[in-house]
Amino acid sequence: MEDFIHTHRKSFEEGGLPVGHEQRFFQKLQQQQRRERARGYILRAAAVAALLLLSAGVWEFVIYDPNSPASLRREQRIEARMLQHYNKEVDSLRQEILRYAPRMADGDWEEIAGTVDLIQTQPEALADLLPSEMSPAQRRAALQTCYERNLEGLQQIAGLLETLPIID
């Protein structure tokens with residue numbers, strides 16, 4: 001570019017700038033400024049997003065360590081919510097089964113109540129017996145399977161009791 005200016009120096013000094021030169025120069029300058037502003041906005045947005053990730057604790061999902069204290073606490077909260085939901089479902093089925101108590105003899109009712117109690121407490125015992133080598137996902141899957149099977153069993157008991165005739 002410098003060589004071109006030196007060789008054509010006289011034409012620049014005598015004739016001035018070509019027509020429209022200033023307009024084209026300002027257009028290019030404005031385009032460059034817009035690009036730099038956009039780049040600045042993108043960098044600021046990325047910085048804000050990174051801060052939000054860090055402050056919201058979501059960074060743990062990006063760099064996940066299943067043995068970190070935060071991960072273990074989160075898994076414990078998930079398991080506690082699963083157990084709470086399970087117990088709520090069992091209590092609901094227990095109430096449904098209680099409606100059929102008048103249809104049963106006393107000994108039968110005691111046996112069914114004992115079975116329901118056993119079914120309700122069995123997952124807590126299972127949670128304590130699961131090997132520590134299991135990943136959190138495997139542990140949750142095992143507990144979920146246990147919960148689902150137990151609830152299915154209680155639903156079957158309720159369904160069978162519904163068919164019993166009322167004992168006078």
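Among the residues of segment 81-105, count how many are assigned to a helix (DSSP H, G or I) and either over 17 Å from GLN122 (Cβ atoms) or not assigned by TED's automatic domain parsing to the domain that holds LEU151 (or both). It would help to see each step written out before you state the result.
Initially, segment 81-105 is screened for residues assigned to a helix (DSSP H, G or I), giving 81-98, 101-103.
Still in the list and also either over 17 Å from GLN122 (Cβ atoms) or not assigned by TED's automatic domain parsing to the domain that holds LEU151 (or both): 81, 92, 95-96, 98, 101-103.
Of the residues in segment 81-105, 8 are assigned to a helix (DSSP H, G or I) and either over 17 Å from GLN122 (Cβ atoms) or not assigned by TED's automatic domain parsing to the domain that holds LEU151 (or both).
Evaluate segment 57-65: report whether one residue or more is at pLDDT below 85 and either closer than 30 Å to LEU154 by Cα or touching a Leu at 6+ places or on another chain (Cβ under 6 Å) (or both). Before the answer, list the steps.
As a first pass, look at segment 57-65 and keep what is at pLDDT below 85: 57-65.
With either closer than 30 Å to LEU154 by Cα or touching a Leu at 6+ places or on another chain (Cβ under 6 Å) (or both) added as a condition, the list becomes 59.
Yes: segment 57-65 contains one or more residues that are at pLDDT below 85 and either closer than 30 Å to LEU154 by Cα or touching a Leu at 6+ places or on another chain (Cβ under 6 Å) (or both).
Scan segment 135-146 and report the pairs whose first residue is in the same structural domain as HIS85 (by TED's automatic domain parsing) and surrounded by 14 or more Cβ atoms within 10 Å (Cβ to Cβ) and whose second residue is of a type outside the set (Phe, Trp, Tyr) and in a loop (DSSP other than H, G, I, E, B), with Cβ atoms within less than 6 Å and a gap of 6+ or a chain change.
These pairs meet every condition: PRO136/PRO66; ARG139/LEU130.
State all residues of segment 147-168 that are out of contact with any Leu (no Cβ under 9 Å at 6 or more places or on another chain), in contact (Cβ under 8 Å) with a residue 24 or more places away in the chain and either over 20 Å from PRO102 (Cβ atoms) or surrounded by 14 or more Cβ atoms within 10 Å (Cβ to Cβ) (or both); if no residue qualifies, say none.
So in segment 147-168, the residues out of contact with any Leu (no Cβ under 9 Å at 6 or more places or on another chain) come out as 148-150, 152-153, 156, 159-168.
Now drop any that are not in contact (Cβ under 8 Å) with a residue 24 or more places away in the chain, which leaves 150, 153, 161-162, 164-167.
Those that are out of contact with any Leu (no Cβ under 9 Å at 6 or more places or on another chain), in contact (Cβ under 8 Å) with a residue 24 or more places away in the chain and either over 20 Å from PRO102 (Cβ atoms) or surrounded by 14 or more Cβ atoms within 10 Å (Cβ to Cβ) (or both): ASN150, GLY153, LEU161.
The values are calculated or read from the model by the stated rules, or taken from the named source; none is laboratory data. This is a predicted model, so every value here is computed, not measured. Every residue, glycine as well, gets a Cβ built from its backbone with ideal geometry; the counts of neighbours run over all protein chains shown.
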